[in-house]
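A short write-up of the structure that comes next.
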Amino acid sequence: MRIAVVGTGYVGLVAGTCFAETGHLVTCVDVDEAKVQTLRRGETPIYEPGLEELLGRNIAAERISFTADLPGAVRGAEVVFIAVGTPQGDDGNADLRVAMKVAHQIADAAERYTVIVNKSTVPVGTAARMQAEVTARTKVPIDVVSNPEFGSSSAPSATAPAGSSPSCTRRSCAPRAPSTSWTPPRPS
Ligand SMILES: NC(=O)c1ccc[n+]([C@@H]2O[C@H](COP(=O)([O-])OP(=O)(O)OC[C@H]3O[C@@H](n4cnc5c(N)ncnc54)[C@H](O)[C@@H]3O)[C@@H](O)[C@H]2O)c1
């Protein structure tokens, strides 16, 4: 599958590299041109054990590439992950402006059916809002789905409440299969 990942921070870079390692063709997009150049050389701006090795291997195999050209990456992808920052604002809510702007850019660039996967931390209801805004702009069908980043110790969930912090540390947030050991809380 051809995948684009927008945002090459802790979440986007690890996810994109793991997608490439599992055989997908991945284009990672970032507005930070210096970071794009660093990543093209196979150097990781973050510390994550084993990441640089995986990155180098997949760059060499031409399964992963880096660009600042978001429209180009979107046109070449079937699935586009959004992994940009959604920092907590003064009111405690996640600031969705960058994620929404990226969704608009994807809608403007898409030339055929595309799935937008939101991996950023967002409040409940964001997928519906993003879907409505994307549908209002796009000329092709686009579906928006949620795949938030959580550590394995947190309960499986499709969404996160506004302003919540995921119960994982930066070092423990590589994509994982859903935990099978989780049991739902007993009703009180
Ligand atoms: N880091 C974690 O451990 C962690 C864990 C769970 C959830 N999250 C959530 O995942 C999301 C991403 O977190 P992160 O830590 O990877 O963020 P980050 O700040 O490390 O990385 C974000 C990247 O997006 C890039 N970016 C910003 N605007 C852009 C744009 N318009 N187009 C393309 N790229 C753009 C930035 O240059 C940066 O490289 C956030 O919503 C965060 O809350 C992070």
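The values are calculated or read from the model by the stated rules, or taken from the named source; none is laboratory data. This one's a predicted model, so the numbers in the text were calculated from it and none came from an experiment. Ideal geometry is used to build each Cβ from the backbone, glycine not excepted, and the neighbour counts take in all protein chains shown.
What the table below lists for this structure:
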| item | result |
| --- | --- |
| Only one of T38, T27, T22 that is at pLDDT 95 or above and closer than 26 Å to Q131 by Cβ | T27 |
| Selection within region 109-124 - at pLDDT 95 or above and either in contact with a Lys or Arg (Cβ under 7 Å, 6 or more places away or on another chain) or away from the ligand (no atom under 14 Å from the Cβ) (or both) | A109, A110, E111, R112, Y113, T114, V115 |
| Residues being assigned to a loop (DSSP other than H, G, I, E, B) and not polar (S, T, N, Q) - total across region 1-43 | 11 |
| Sole residue being among the small types (G, A, S), more than 14 Å from the ligand (Cβ to nearest atom), touching an Asp or Glu at 6+ places or on another chain (Cβ under 8 Å) and in contact (Cβ under 8 Å) with a residue 12 or more places away in the chain, chosen from G23, G7, G42 | G42 |
| Checklist (1) within 18 Å of P141 (Cα to Cα); (2) within 10 Å of the ligand (Cβ to nearest atom) applied to A99, failing item | (1) |
| Region 20-38, residues that are under 12 Å from the mean Cα position of the chain (by Cα) and of a type in the set (D, E) | D30 |
| Inter-residue pairs, beta-carbon under 9 Å, first without any contact (Cβ under 8 Å) to a residue 60 or more places away in the chain and in region 101-120, second within 12 Å of the ligand (Cβ to nearest atom) and aromatic (F, W, Y), 6+ apart | I116/F81; V117/F81; N118/F81 |
| Residue that is farthest from the ligand (Cβ to nearest atom), among those in region 47-68 that are within 12 Å of T8 (Cα to Cα) and free of Cβ contacts under 8 Å to residues at least 40 places away in the same chain | S65 |
| Failed item, numbered, when R129 is tested on (1) more than 15 Å from the ligand (Cβ to nearest atom); (2) buried (at least 17 other Cβ atoms within 10 Å of the Cβ) | (2) |
| Residue count, region 26-35 (criterion: without any contact (Cβ under 8 Å) to a residue 40 or more places away in the chain and more than 17 Å from V98 (Cβ to Cβ)) | 2 |
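Here's the yes/no breakdown for (1) within 16 Å of the chain's Cα centre (by Cα); (2) more than 15 Å from N147 (Cβ to Cβ):
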{"site": "V11", "(1), (2)": "yes, no"}
{"site": "C18", "(1), (2)": "yes, no"}
{"site": "L51", "(1), (2)": "no, yes"}
{"site": "G56", "(1), (2)": "no, yes"}
{"site": "I59", "(1), (2)": "no, yes"}
{"site": "F66", "(1), (2)": "yes, yes"}
{"site": "L70", "(1), (2)": "yes, yes"}
{"site": "A73", "(1), (2)": "yes, yes"}
